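The values are calculated or read from the model by the stated rules, or taken from the named source; none is laboratory data. The structure displayed is predicted, hence computed values, not measured ones. Reconstructed Cβ throughout: ideal geometry from the backbone, glycine too, with neighbour counts over all protein chains shown.
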């Protein structure tokens, strides 16, 4: 990502769909974003937000008094997350799916076997596994360059895009997801140092 990014990016593989905005499509804006966003994405976001709020409220209680309640909550949450995860994967179009190399709240880089034109407007679906949620936004291709590393495994080209129309709540989701990925990376490094 460029030095001009407003938010840090983290190296991680997220499933995404990227589709070109056709010339006959209406100009991407926040109104068309709301109309095109799949309903299940909003449901998943609200579920994730409710879960986060409940966890914050439960953390205020003494540990001993909420153990059983927390266990019950986790079981119900896991059930809902399994169902949401399945429903969200049904929204992925295999003809336009790719995997990120880096992502953040201002843009991402993904691998592709086909080129994208710089300046091209695109529709983007980003699928986050834990907690299962997804977001829909518009972006613009900033760069597309051939990978120099052999056997990169994620495509012949690296494509960098910047989000153009992204809801604030979805930006918050990306920030939280990037922080969680960063924590995983730091934990893994700490474990490797102990070996």
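Taking the condition assigned to a helix (DSSP H, G or I), exposed (fewer than 15 other Cβ atoms within 10 Å of the Cβ) and out of contact with any strand residue (DSSP E or B) (no Cβ under 8 Å at 6 or more places or on another chain), does residue 189 pass? Walk me through it before giving the result.
Details: assigned to a helix (DSSP H, G or I): yes; exposed (fewer than 15 other Cβ atoms within 10 Å of the Cβ): yes; out of contact with any strand residue (DSSP E or B) (no Cβ under 8 Å at 6 or more places or on another chain): yes.
The answer is yes for residue 189.
Mind counting the residues in the range 136-168 that are surrounded by fewer than 14 Cβ atoms within 10 Å (Cβ to Cβ) and either in contact with a helix residue (DSSP H, G or I) (Cβ under 9 Å, 6 or more places away or on another chain) or not in a loop (DSSP other than H, G, I, E, B) (or both)? Show your work before the answer.
Step one: filter the range 136-168 for residues surrounded by fewer than 14 Cβ atoms within 10 Å (Cβ to Cβ), giving 145-146, 148-153, 156, 168.
Narrowing the set further to residues that are either in contact with a helix residue (DSSP H, G or I) (Cβ under 9 Å, 6 or more places away or on another chain) or not in a loop (DSSP other than H, G, I, E, B) (or both) leaves 145-146, 168.
Total meeting the criteria: 3.
Applying the selection to the range 99-119, what residues are surrounded by 17 or more Cβ atoms within 10 Å (Cβ to Cβ) and outside any strand (DSSP E or B)?
105, 106, 116
Check residue 61 against each of (1) out of contact with any strand residue (DSSP E or B) (no Cβ under 7 Å at 6 or more places or on another chain); (2) at pLDDT below 75; (3) part of a helix (DSSP H, G or I) and name the one condition it does not meet.
The one condition residue 61 does not meet is (3).
So, residue 87, is that one closer than 30 Å to residue 161 by Cβ and assigned to a helix (DSSP H, G or I) or not? Talk me through it step by step, then tell me what you get.
Working: closer than 30 Å to residue 161 by Cβ: yes; assigned to a helix (DSSP H, G or I): yes.
Against the criterion (closer than 30 Å to residue 161 by Cβ and assigned to a helix (DSSP H, G or I)), residue 87 qualifies.
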